[in-house]
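Here is the structure we will look at.
The values are calculated or read from the model by the stated rules, or taken from the named source; none is laboratory data. Predicted model only: the values in this text are computed from it and were never measured. Heads up, the Cβs are rebuilt from the backbone with ideal geometry, glycines too, and the neighbour counts pull from every protein chain shown.
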Amino acid sequence: MKQLTAFVLTGLFVLILSGVAAAADAPGSAANMVPGIIALGAGLGIAIAAFGCALAQGRVGGAAMESIGRNPNSADKIFTPLILSLALIEALGIYALIIAFILAGKV
């Protein structure tokens, strides 16, 4: 966990320094960075949403398989809530994709 935190903080530090370096090159270049920041936000947003959806789908599927393994007779009762849960999780990922497309259209 410490390595992941260090990696993320290093990446953010590099992004911040690159923005400062780009702003130092030309006096009016800060306005030129807005499309890049919007594209970066869209990319990060969809990446975080995809990671969250994948993690949630894995946990839901694992819990369903564990409960079916413990009680095989309840498989038909578990199937409908499982599919409904997976559909709602996938809808969140699709919402994030739509937002990313909207942001990418502003670039």
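Which numbered condition trips up G43, out of (1) modelled with pLDDT under 85; (2) under 26 Å from the mean Cα position of the chain (by Cα); (3) closer than 18 Å to V107 by Cα; (4) not aromatic (F, W, Y)?
Failing condition for G43: (1).
Say we look at region 71-104 and pick out the residues that are of a type in the set (S, T, Y) and surrounded by fewer than 15 Cβ atoms within 10 Å (Cβ to Cβ); which of these is farthest from the chain's Cα centre (by Cα)?
S74
Here are some conditions: (1) modelled with pLDDT of 90 or more; (2) in contact with a helix residue (DSSP H, G or I) (Cβ under 9 Å, 6 or more places away or on another chain); (3) aliphatic (A, V, I, L, M). A104 meets all but one. Which one does it not meet?
A104 satisfies every listed condition except (1).
Determine which member of the set E66, E90 is among the acidic types (D, E) and either in contact with a helix residue (DSSP H, G or I) (Cβ under 9 Å, 6 or more places away or on another chain) or modelled with pLDDT under 90 (or both).
E90 is the lone residue from the list that is among the acidic types (D, E) and either in contact with a helix residue (DSSP H, G or I) (Cβ under 9 Å, 6 or more places away or on another chain) or modelled with pLDDT under 90 (or both).
Return the residue satisfying two criteria in turn: it lies in region 59-70 and is surrounded by 11 or more Cβ atoms within 10 Å (Cβ to Cβ) and without any contact (Cβ under 8 Å) to a residue 24 or more places away in the chain, and of such residues it is nearest to V107 (Cα to Cα).
R59
For L86, which of the numbered conditions (1) closer than 30 Å to G36 by Cα; (2) touching a residue at least 24 places away in the same chain (Cβ under 8 Å) fails to hold?
Every listed condition holds for L86 apart from (1).
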